[in-house]
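Asker: Pasting a structure here, questions to come.
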């Protein structure tokens, strides 16, 4: 067959190029006309009246001169890119088409590979996604992570970063879109904006859950914090599970570790519990401090954390052990063993302050019980909030809350809830000299729990 099937070049059969006066041999001329007829039949008609009978082969072309173009706009069409990839050009400009997405469900840790380019992976449990080196994935590698059942931690390779950070946390219910530059990773910042908006637009201050309790195994040294959440202004943090912190150890991240911001546990001291949030992944933790204010907490160990809110308080006894307590809703504490703060102590008509076992540095409402003994046949004792100033006990004055002696040297009893000053004190006075007993059953330290 005269046409070369590889190059498409047609060559006439031998003996079909006559000279003047030569007698034409019909055999080669018949072969020529048969070949011409066959090749005309095998040619593609310009009017499109017949289709191709085999694959159409084009020149590779370039972005400015595509292998398949148009007569009116020759720079628009198809061409072959490097690596056997098909390219689309429009007026000499390369068109980048979106890649097909591949969806898959993941239930645990996963390493993202080059073959996951443009994949959408839905994680249904807590997981860590380790990224292959950016140079191996290459520029324009794209990946979508959907956290639907757990928090997903994205961890780039080695010292590589994602949005400039060592890791990126995708909280449950959120998603992240990743792009590789060939040396680092970036997101479309939607996740960051959503989380920032949730912070900045929220207002108010509250605690939901996060009740304190003595740890069952180590009740005098360890504290448990129930699941819950806390907000103060625009700062919010939550915990889905119980956390345990040691009062007899300096702070370290995570449950079961130390909780003190500085120093060592002291005797007869007050420790305030603060909910803190890790800035990089919004995770929950607790720090314990003798400071009654956030500003006074020592933050040396808390780099990368935000102190959100005070969520409770605990007291130690003379042996530096945690006083065992029961915490009820609305920030109410009851000591497992009532503390006797006054025993057969003198009381008289001169008003004075009385120290009791409650948190130091803040005002609390103490839950108190009293006994009063006097040789007078008619007298009462009055225990009150120091903010009320100096009061006088007796029916003709400010009254009493420990009853009235009707028989000389007999006991009178009473109870009351009384606000203290910031030095753990209430005020006491009697209508007649005598002796007093005072028990502290607990206190209310309002942190913001509504239930």
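The values are calculated or read from the model by the stated rules, or taken from the named source; none is laboratory data. The model shown is predicted, which means the values in this text are computed figures rather than measured ones. Note that we place each Cβ from the backbone using ideal geometry, even for glycine, and neighbour counts take in every protein chain shown.
Asker: Counting only residues that are in contact with a strand residue (DSSP E or B) (Cβ under 6 Å, 6 or more places away or on another chain) and in a loop (DSSP other than H, G, I, E, B), which one in region 399-420 is surrounded by the most Cβ atoms within 10 Å (Cβ to Cβ)?
Answerer: Checked region 399-420; the qualifying residue surrounded by the most Cβ atoms within 10 Å (Cβ to Cβ) is 402.
Asker: Moving to a separate point now. Taking region 419-439 only, how many residues are closer than 27 Å to residue 329 by Cβ and within 40 Å of the chain's Cα centre (by Cα)?
Answerer: 5
Asker: So is residue 132 modelled with pLDDT of 95 or more and at negative phi or not?
Answerer: Working: modelled with pLDDT of 95 or more: yes; at negative phi: yes.
Criteria met by residue 132.
Asker: Does residue 423 satisfy being assigned to a loop (DSSP other than H, G, I, E, B) and touching a residue at least 24 places away in the same chain (Cβ under 8 Å)? Spell out the reasoning first.
Answerer: Values: assigned to a loop (DSSP other than H, G, I, E, B): yes; touching a residue at least 24 places away in the same chain (Cβ under 8 Å): yes.
Yes, satisfied.
Asker: Go over the candidates 120, 102, 146 one by one and state the one that is out of contact with any helix residue (DSSP H, G or I) (no Cβ under 6 Å at 6 or more places or on another chain), farther than 21 Å from residue 183 by Cβ and exposed (fewer than 15 other Cβ atoms within 10 Å of the Cβ). Please lay out each step first, then the result.
Answerer: On the way: 120 fails: exposed (fewer than 15 other Cβ atoms within 10 Å of the Cβ); 146 fails: exposed (fewer than 15 other Cβ atoms within 10 Å of the Cβ).
Result: 102 is the single residue among 120, 102, 146 that is out of contact with any helix residue (DSSP H, G or I) (no Cβ under 6 Å at 6 or more places or on another chain), farther than 21 Å from residue 183 by Cβ and exposed (fewer than 15 other Cβ atoms within 10 Å of the Cβ).
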